[in-house]
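The values are calculated or read from the model by the stated rules, or taken from the named source; none is laboratory data. Not measured: the values here are computed from a predicted model. Neighbour counts run over all protein chains shown; Cβ positions are idealised from the backbone, glycine included.
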């Protein structure tokens, strides 16, 4: 009888220990999430990341940007170079070493062609602002070509991106946006 009772007590202690370990694991995972990642909000008046399923006013998960981990398609938050002020969201479309060709044969619009180091060629027809600073050439080390997420609309030329100030230094990129918490809102 005592042996059965001792077995039940040992079983309860093991269950109690397992429950505590599970709770510590859950709480540790939550703590790790909040230490490693940030939850930010896209400004309510900024709807130019819709193609990336990050709508105005939506909450997004972000992390500190590491220039060594820059990839084509990264959605990023960066400090706009002068004369613009504040922060901008954009998508990395060209990396150091990529060759960029800009064809502005049509007024207010043109073709952008990017040849990556691995041989991939990406082409886009884009509206261009009248005072465009982006020029054909090789993207220098430590810089990238960053464009608006919704860069195919004429309104996108009003927002600062690589078309307005050319290649952007990677050291002004502060965060990489990972996902919207509710991309279907």
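Some notes on this structure:
- None of 95, 112 is farther than 30 Å from residue 182 by Cβ, surrounded by 17 or more Cβ atoms within 10 Å (Cβ to Cβ) and within 20 Å of the chain's Cα centre (by Cα) except 95.
- Any hit, the stretch 158-174, residues being without any contact (Cβ under 8 Å) to a residue 40 or more places away in the chain and closer than 20 Å to residue 42 by Cβ: yes
- Test: residue 26 is outside any strand (DSSP E or B), modelled with pLDDT under 85, within 28 Å of residue 179 (Cβ to Cβ) and not assigned by TED's automatic domain parsing to the domain that holds residue 159: no
- Residue in the stretch 100-109 that is surrounded by 15 or more Cβ atoms within 10 Å (Cβ to Cβ) and within 25 Å of residue 178 (Cα to Cα) present: no
- Every residue from the stretch 32-44 that is in contact with a strand residue (DSSP E or B) (Cβ under 7 Å, 6 or more places away or on another chain) and either outside any helix (DSSP H, G or I) or modelled with pLDDT of 85 or more (or both): 37, 38, 39, 40, 41, 42
Yes or no, residue by residue, for (1) in the same structural domain as residue 114 (by TED's automatic domain parsing); (2) touching a residue at least 40 places away in the same chain (Cβ under 8 Å); (3) not in a loop (DSSP other than H, G, I, E, B):
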| residue | (1), (2), (3) |
| --- | --- |
| 11 | no, no, yes |
| 46 | yes, yes, no |
| 56 | yes, no, no |
| 63 | yes, yes, yes |
| 82 | yes, no, no |
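- For the stretch 97-134, a tally of residues being over 16 Å from residue 151 (Cβ atoms), assigned to a loop (DSSP other than H, G, I, E, B) and touching a strand residue (DSSP E or B) at 6+ places or on another chain (Cβ under 6 Å) returns 1.
- Test: residue in the stretch 142-150 that is assigned to a loop (DSSP other than H, G, I, E, B), at pLDDT below 90, under 28 Å from residue 58 (Cα atoms) and touching a strand residue (DSSP E or B) at 6+ places or on another chain (Cβ under 9 Å): yes
- In the stretch 151-185, of all residues being modelled with pLDDT under 75 and outside any loop (DSSP other than H, G, I, E, B), the one that is surrounded by the most Cβ atoms within 10 Å (Cβ to Cβ) corresponds to 157.
- Among the criteria (1) surrounded by 13 or more Cβ atoms within 10 Å (Cβ to Cβ); (2) over 16 Å from residue 150 (Cβ atoms); (3) within 16 Å of the chain's Cα centre (by Cα), the one residue 58 does not fulfil is (2).
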